[in-house]
There are 2 protein chains.
Amino acid sequence: MQIHGYAAFQAKECLRPFSYTVSDLKPFEVIIQVSHCGICRTDLHMIENAWNRSTYPLVPGHEIVGVVVQKGQLSRLAVGERVAVGWVYSSCLECSECLQENTNICQYKTSIYNRGRYGGFADFVVADSRFCFQLPKQMESVHAAPLLCAGATVFAPFINYQIQANQSVAVIGIGGLGHLALQFSRSFGCETSAISSTEEKQREAKEFGASSFYTYENPPSAMQFHYILCTVDVELDWNLVLSWLKPNGVLCLVSRPKTFHFDPAMIVSTQRSISGSNNANRFLVQEMLLFAGRFQIRPKVEEMPLSEVNTALERLKNNQARYRIVLKI
Amino acid sequence: MQIHGYAAFQAKECLRPFSYTVSDLKPFEVIIQVSHCGICRTDLHMIENAWNRSTYPLVPGHEIVGVVVQKGQLSRLAVGERVAVGWVYSSCLECSECLQENTNICQYKTSIYNRGRYGGFADFVVADSRFCFQLPKQMESVHAAPLLCAGATVFAPFINYQIQANQSVAVIGIGGLGHLALQFSRSFGCETSAISSTEEKQREAKEFGASSFYTYENPPSAMQFHYILCTVDVELDWNLVLSWLKPNGVLCLVSRPKTFHFDPAMIVSTQRSISGSNNANRFLVQEMLLFAGRFQIRPKVEEMPLSEVNTALERLKNNQARYRIVLKI
C-alpha cells in the first residue's frame, strides 16, 4: 500500500510531499486512514532536530484520529472503527515500568514517527493497535486529535498527584496545552488560575475555566497554589514561581525549559517539590478521552488542510495558533 | 529561676557562660532540667548568623533531653517526667498547615532558641509542653537527643513518601543525619545504599545498614534508586545525582545547598521529582522515637561535657564528629 504525506527531508526545511510503501503488517499493527492530525510543538522540535534524534525523511504528526482500514492478525480493533493514536507507537510491555503500566516512560518505547516510522501528516498511518484509543461517540474527530498529546499531557498530573476539588491549580502558559489544562482543572473542580505572558489572553482564559488571571507584570501573591502546571519551555524566574506555591505544593513541568536554576531554600523549609510529567500512560489517555467527553472539554482549534501544513507550522512557530491547529487530511 | 548556659554574644564568636532568669511560666510551658543536648549543624549556622536571623546572646541547642522540674497550669506533663524537645518551640496551631498537623512548616512557628528564647546548651530550658515528646523507657537519653533533629529529619520522608521495603534508597552524606538515615532505611526493609565523599566511611556505612557503598569517584549507575535522601549542603553535580534515580524517583533534600542547577530534561521525560523535607511534624517525631526504640536505632555519639562546647563545635565544623556530638549537662 502506498501512503502519501508531507515530510521534512532535512532539519529546518519546509515539508514537501513524500510517499512510502507498506507491505506486510505485523500481528498487532493496523493501518489507519487519517482524518485529522493535530500539530504539536514537539513536531516543530523534531523537524528542527532540536533534540539531535531526528531521522529524515521525517513525516511528523502524533495527534491522529482516523478509521482502521486494515489489520494484522492479532489486532482486536475492527476494520471501520474510529480510533486515535498519540506519540507512543509502542512500548516494550516487559520492563519494570511497563509492568506498572508506565508505558509512557518505558526506556524502550518507540514513537509513532522517526527512525523508520512515519507520522500522521499523511493519508494513512501504521499504528500498533495496543496503543490505539477509543473515542466517545459524540466527540468530533477534529476536537479529539489535540487531546492525544496536549490533552493527555495536562490531564495526567491531576490523576497522578490526586488533585482534588478543594485545591488550587495555576497553569503557566495559555497555549495549546494550557487552554486544555484550564478546562481540565475547572472540571476537576479546582480553583483555577491562568498565568500568561500577555494580558491579551485574559478573556479567553476565563472562558476556559480560570477564575483568576495573572501576568509576569501582575503576578500571583506568595503561597497561593497547591499545584502549578508549567506548560512553557522558556526560562522563568523559578524562585519567584516556586514562591507562589503553598507549603507542600508541587511545580510540575510538562514541557522542557533549557535550564532550571533555583535556591534550595525555596523548597526545603516549605517542603515544596519540582516534578516532571511526560504525557500519559495508556490507561490515563483512555481515561482522559472519556473524561473530556463527559465534561465536554474541547480544544479551540484552527482547522487547515494538509496542503497548508507549512503555513500551519509557521503560525505555531510564531505563537499565532489559537489554540491548536488541526490538519484535515 | 536562674538558668546557666553557654551563649554566642555575636556572630562567629566562641560561646561563653551566660545566665538568664525565668519568672512566670505561661500555661503550657514547662522547665526542663537538661541532661543531654545534641549538636547539629544548624547550631553552627545560627551561631555564625548564616541565615541572617540570629539574635544575640544566642544559647544554641535543639536536641534536648531532660526531666520536667516545673510546669504551667495547663501542661499535661508530670514533674519528674523524662521528655525530649526539638527545634520547634511551638507553632500557631491555627493556620491551615497546623490544622493539617504540618506544625513543622507553620509560617508562624517559633524555635526553641533565638528571638528571646534560649536553647539546650544550658542546665535548664523552657519548653512548650505541647511540643515535648515521650521517650521509650529503654532508650538512653544520650542516644535519644540526636534523634530529635537529625533522626526526625531523615525519618519523615519514609512516612511522607510511603517508602516501602520493596524499594531502594540511597543516602548522600554519611554524617550526623546520614548515619541515622541508613539505619532507618534498613529498618524499613529497603535496599539501602550509602554515597559518601570518602572511602573511609565504607565499613561503618555498612554497619549502619548500607548494602552498597559508593563515592563520587566510584558512583552508582543510572536509574538505580527509587529515592535519594541528600543530607549534605555542598554543591553536587545535580544532573548526575538525578540520573541515579529510576523513572518516577524522588530526590529529597533534607539540607540546604546554596544553589541547585539542573537540566529539566533530567526530570520531565522520566517523571522524576526534586523535593524538600523540613524536620517532622509532632506526630512523626513521636512515631520516629517509638520506631527507633522498637528497631534499636541509635546514633553513634561522642559524649562531651558542656564546658567543652567550643571544642565540640570545632570538631563538628571540621567534619570530625563521628557521628553526632552530644553534650552532657
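Throughout, read-outs are computed from the coordinates displayed, never taken from laboratory work. On a predicted model such as this, the values are computed, not experimentally measured, just so you know. Quick reminder, even Gly has a Cβ in these numbers, built from the backbone with ideal geometry, and neighbours come from all protein chains shown.
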Would you mind computing, in nm to one decimal, how far apart the modelled labels at A:Glu94 and B:Asp233 are, each placed 7 Å from Cα along Cα→Cβ?
4.9 nm
Stretch gain in nm, segment A:Lys258-A:Arg16, where the contour uses 0.36 nm per residue and the Cα spacing is subtracted:
84.1 nm
Förster-model FRET efficiency, 35 Å R0, A:Gln33 and A:Gln296, C-beta, rounded to 0.05:
0.85
FRET efficiency (B:Glu314, B:Asn166; Cβ distance; R0 41 Å; to 0.05) is 0.40
Among A:265-277, B:285-297, B:196-208, B:135-147, how do they line up by average Cβ neighbours within 10 Å per residue, starting with the highest?
A:265-277, B:135-147, B:285-297, B:196-208
With just the Cα atoms defining each centre, how far is region B:240-290 from region B:9-50? Give it in Å.
30 Å
Karplus 3J(HN,Hα) series, Hz, for region A:165-172 with 6.51 cos²θ - 1.76 cosθ + 1.60 (x for Gly, Pro):
5, 8, 10, 10, 10, 10, 10, 8
Ascending count of other beta-carbon atoms within 10 Å, so fewest first, for A:Asp24, A:Asp233, A:Asp128
A:Asp24, A:Asp233, A:Asp128
Between B:Tyr108 and A:Glu48, how high is the FRET efficiency from 1/(1 + (r/R0)^6) when r is the Cβ-Cβ distance and R₀ = 56 Å? Nearest 0.05.
0.65
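Give me the inter-chain shielding for A:278-287: mean count of other chain Cβ atoms within 10 Å, whole number please.
1
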What lysines could a cross-link reach from B:Lys109, if we take a straight Cα to Cα line under 18 Å and drop same-chain neighbours fewer than 8 places away?
A:Lys246, B:Lys26
Give, as a single signed number, the net charge of other residues whose beta carbon lies under 11 Å from the beta carbon of A:Thr55, with Lys and Arg counted +1 and Asp and Glu -1.
+3
So between A:Asn218 and A:His4, what do we pick up on full extension, going 0.36 nm a residue minus the alpha carbon distance?
72.2 nm
Kirkwood hydrodynamic radius of region A:152-276, from inverse mean 1/r over distinct Cα pairs, in Å:
14.1 Å
I want to check the label-to-label distance for A:Lys206 and A:Arg322. Put each point 7 Å from Cα in the C-beta direction and report it in nm to one decimal.
1.6 nm
Using a 10 Å cut-off on Cβ to Cβ distances, tally the other chain neighbours for every residue of A:101-107 and report the average as a whole number.
3
As a Kirkwood estimate from alpha-carbon pairs, region A:1-75 has a hydrodynamic radius in angstrom of 13.7 Å
Per-residue ellipticity at 222 nm for chain B, helices alone: DSSP H runs ≥ 4 residues times -39500 (n - 2.57), over residue total, nearest 500 deg cm²/dmol?
-6000 deg cm²/dmol
Considering every residue in A:255-267, what mean count of other chain Cβ atoms within 10 Å of its Cβ is obtained?
6
Just the number, please: Stokes-Einstein D of chain B in µm²/s, Kirkwood Rh from C-alpha pairs, 37 °C, 0.692 mPa s.
163 µm²/s
Least to most buried among A:Ser91, B:Ser19, A:Ser35 (fewest other Cβ within 10 Å first):
B:Ser19, A:Ser35, A:Ser91
Fully extended, how many nm does the chain gain between A:Glu199 and A:Gln73 (0.36 nm per residue separation, minus their Cα-Cα distance)?
40.0 nm
Could you name the lysines whose alpha carbon sits less than 23 Å from that of A:Lys317, not counting residues in the same chain fewer than 8 places away?
A:Lys12, A:Lys201, A:Lys258, A:Lys300, A:Lys328
Let me understand region B:93-164 better: what is its radius of gyration from the alpha carbons, and its Dmax, in angstrom?
14.4, 42
Largest first, please: the extent of the C-alpha atoms of the protein assembly as shown along each principal axis, to the nearest Å.
92, 53, 38
For a protection proxy built on the mean count of beta-carbon atoms within 10 angstrom, sort A:179-188, B:106-115, A:163-172 highest first, please.
A:179-188, A:163-172, B:106-115
